[in-house]
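The block underneath contains the structure these notes are about, expressed in structure tokens.
Any read-out appearing in this document is the output of simple, stated calculations on the displayed coordinates, not a laboratory observation. For clarity, every value in this text was computed on a predicted model and none was experimentally measured. We place every Cβ from the backbone using ideal geometry, glycine too, and count neighbours over all the protein chains shown.
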Amino acid sequence: MNKIIRVKNLVKKSKKSETNAVDDISFYAENGAFFAILGTNGAGKTTTISILTTILSETSGQAEIAGYDECTQPGKVSENIDVIFQKPSLDFDLTAEENIRFHTNLYGLYSYRLFYSLMPKDYKEKVVKLSAQSQSAFIR
């Protein structure tokens, strides 16, 4: 079988943290195999998934999904994955627009850009329109 997920020496370190969120992990999963990431709270499972789904970038190391590098080919990675969350997934540390931007990338509607200003014009127009509609719904 071919390896559908390859992770080699993956590290993620936050600027403010003294320890790595993900600390030099390596693994692979074969196409068609059942695969799970298990660990205690704070072990780096969510951070690893966020890297594999192109939401975060790694500090060092390499991750590939379906033969595509998550860092240099995030669009191709996004075309080859689906993510289903256990619970609704709004991040209360993000603004409403940041949550929208995150989910449009996750569901393949738009490629992720770090800043709103870098998003395509039609995305920005839709966000402004939806924002105006939701504000008027609350004013009534």
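Among the listed pairs K15/K121; K13/K45; K12/K126; K16/K45; K76/K129, give every one whose C-alpha distance is greater than 22 Å.
Long pairs (Cα-Cα over 22 Å): K15/K121; K12/K126; K76/K129.
Please compute the modelled spin-label separation between S17 and A43, points set 7 Å along Cα→Cβ, answer in nm with one decimal.
1.5
D for the chain, whole µm²/s, Stokes-Einstein with Kirkwood Rh over alpha-carbon pairs at 37 °C and 0.692 mPa s: what number?
After rounding, the answer is 195 µm²/s.
Which log10 I(q)/I(0) values does region 1-52 give at q = 0.16, 0.21, 0.22, 0.30 Å⁻¹ under the Debye formula, counting every alpha carbon as one identical point scatterer?
Here log10 of I(q) over I(0) equals -0.50, -0.79, -0.85, -1.29.
Place the peptides 121-130, 39-48, 66-75, 3-12 in order of packing, highest mean first, counting for every residue the other Cβ atoms within 10 Å and averaging per peptide.
By packing density, highest mean first, the sequence is 3-12, 66-75, 39-48, 121-130.
What are the residues whose amide H is under 5 Å from the amide H of I4, where those residues sit 5 or more places off or on another chain and H is modelled from the backbone?
Under 5 Å from the amide H of I4: A29, E30, N31.
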